[in-house]
1. Taking LEU71 and the conditions (1) modelled with pLDDT of 90 or more; (2) loosely packed, with under 15 Cβ neighbours inside 10 Å, which numbered condition does it fall short on, given that it satisfies the others?
2. What number of residues in the range 198-210 are within 17 Å of GLY246 (Cα to Cα) and surrounded by 20 or more Cβ atoms within 10 Å (Cβ to Cβ)?
3. What about GLU131, is it open to solvent by 30 Å² or more (accessible area, probe 1.4 Å) and touching a residue at least 40 places away in the same chain (Cβ under 8 Å)?
4. If you take the residues of the range 414-434 that are small (Gly, Ala, Ser) and either open to solvent by 50 Å² or more (accessible area, probe 1.4 Å) or in a helix (DSSP H, G or I) (or both), which of them is modelled with the lowest pLDDT?
5. Out of (1) within 29 Å of ALA546 (Cβ to Cβ); (2) open to solvent by 50 Å² or more (accessible area, probe 1.4 Å); (3) modelled with pLDDT of 50 or more, what's the single condition that is false for TRP474?
6. With the checklist (1) buried (at least 19 other Cβ atoms within 10 Å of the Cβ); (2) over 21 Å from LEU313 (Cα atoms) in hand, flag the one item GLY240 doesn't pass.
7. With respect to ALA231, is the statement that it is free of Cβ contacts under 8 Å to residues at least 40 places away in the same chain, closer than 24 Å to ALA268 by Cβ and open to solvent by less than 20 Å² (accessible area, probe 1.4 Å) true?
Amino acid sequence: MKRRRGATPEPGCLQAWAAENQALAWRWRAAQSSGHGGASREVRLQRDGFGELLLRMRGLPAALPALPLELTVLYNSLLFTVGSSDSAIEEESEGIRQGLLRVLEACGACGQDLSTEELWQKVLQEVTAEELQAPLHRLGVLQAAWWLAASRLGSTTSLFRLLSKAEDPGRVHCSEGVNELLSLIKAWRVPAEEASLPLVQSTEDLKEILRTTAAFLQGLQELEAGNFPTALSLLQEAVGGYCSKGVLAQIYTCLGCCAQRMGKPQTALQHLKRALQVDFQCLPALSHVAAVYHELGETNAELQALALCYEALEKKPSAAASSSPHFLIRTELLVHTPILASLLRHRHPSEVKYLLAQRCLQDGRVADAVEHYLDFLALLQEGLQQQVPLDGSSALPRIPEVFLEAASALEQAGRHQDAITMCEEVISRTTDLIPQWRSGGEQLQVEERLEKPECLLPGPGLSQKKESLCCLAWRAAGYLHQGWAWAKLGESKEAITQFSRECLDDAAFRCMCLSVPEVEVLQKIKLLSLIGRGIQFLKLGRDKEALLDFQHGLQISPGDPAAASYLVQALWNLNRKQEAAAHWHKFSQRPLGEHGQQEGQGRPCPLYLVSCLKQAMFPHSESLARSVQDYLRTTGRDRAS
């Protein structure tokens, strides 16, 4: 490409600009040496200084003698623009574009209509001036940083191909199975820094940061795509790169998550513990440690990890000490993908407190569960709803469910009056949100919407109906827990009243024939309420009423072992022993699953109903079986004689 003949700055002007660039760069290096290099005020001063110098240089037409200095000032200016604003990494590539257009202008060419990728191709292939090669390569690496920050890995790879061809056209080759971008970055030769054109961040450092960033970003992409072996390899490459302790801990955390998804929990724990050794403030790693222990079934270790996480979150974090000079472009400014944000999401203390409560309740540590639930509800009063994300990433269930779980814990701890009070809170808050169930148009609209799959698309109408079903289930569960609590207090009549309140009218119950999760929960609550009321009828000697409840329960859930066993008991009490024996023989042939349910029945039961399931289990199976078997043997002998 021909060089353009144009106005050239006076030698004295060039010398003054070069001296100003040197002064600014040396001032920055001095600030770094004194420990003030990361101060935001110093960064802003340097940004303004280099920015003003660049504006003065661009006030004249582009000229080849001034371009090496101008591109160096542009390089330094952009570094400080990045350093002064974390978001600028996505917005300032226009400065690089203008620099390339100035290069073409000095050579008598133009490229206004070209994209940035095309502009780089034109400049690197057609501009042959030796004195421009090093400044252009430095600017190219800066462009690569911008593209990596935007996850434009393809554009970055193409740019490094161009940079490598410009150095040595015959050298670019990537073996099969080797990551091309990483190979290109490693092979790229850093241009020597000239003493007269000092840089505020060396290109060698920037190259290593780009190598780490490229490995980290690609590892995250492969992790998100489910290509775990490739992700593991790339993340391990990133571990050996150039980054702060905080970023290194993040990479180890991602390695742990990758190993966990590969079904290697022990390897995952090694990586996650390494993350905490590198940076003890990397609390997402501690959250993942708890998740891995949960997967392994090591409850003590899981609870210990959650307790440590909660304790750390409650404390005000101290600033992490930096173990390296302040870099204006750093890996943490270039890597901010959605999957990384998800893996490294910091939980709110209330979320961790809830997980502690939940896991204690699931593991039968009732006293600890009660303590954690009450602590959580105290946090609720502090307005945690404004502090916890509502995008589905939170571990928190709906608040009424937390109240019901707390009531379950209180009930199991023998604090029956407290459990009743807790449930009353749920009942009072949900009753006004439940529409009146009618057998007319409203009911038909609910059935039509839930029966048609196309109606399950997002929309205010459907969400309102589903919300009503949720409220109905929560209120019903509140009555159910109150019924069991009164039963434990020996108040059978009050228990029957609460169990009866849950029983829905026929119009609402018709909606329960539909198969959506909320309706299945309602069906389970209906069944448990009927069993609970039937048990109280048995205690009062009202066997016929008990029999009706157990029969109704079996209509809702055919083959339910608890309802079936109590049905046999009711028939036996009524001296209908032949019927009892026939039912016992029928139901005894079916295998039982968890909590005595028939295998393959429905979705997992909500945690707040698990204690009710246990209370509904028939406690006299062996004695009833012996009675029935004795009866069958006796009647068999009578027939034989």
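The values are calculated or read from the model by the stated rules, or taken from the named source; none is laboratory data. What you are looking at is a predicted structure, and each value in this text was computed from that prediction instead of being measured. Using ideal geometry, Cβ is built from the backbone for each residue, glycine included, and neighbour counts are taken over all protein chains shown. Calculation scope for accessible area: heavy atoms of the full protein, side chains included, ligands and nucleic acids excluded. Shrake-Rupley method; radii C 1.70, N 1.55, O 1.52, S 1.80 Å.
1. (2)
2. Residues flagged as within 17 Å of GLY246 (Cα to Cα) and surrounded by 20 or more Cβ atoms within 10 Å (Cβ to Cβ) within the range 198-210 amount to 2.
3. yes
4. Across the range 414-434, the extreme among qualifying residues is SER428.
5. Condition not satisfied by TRP474: (2).
6. (1)
7. Details: free of Cβ contacts under 8 Å to residues at least 40 places away in the same chain: yes; closer than 24 Å to ALA268 by Cβ: yes; open to solvent by less than 20 Å² (accessible area, probe 1.4 Å): yes.
Yes: the conditions hold for ALA231.
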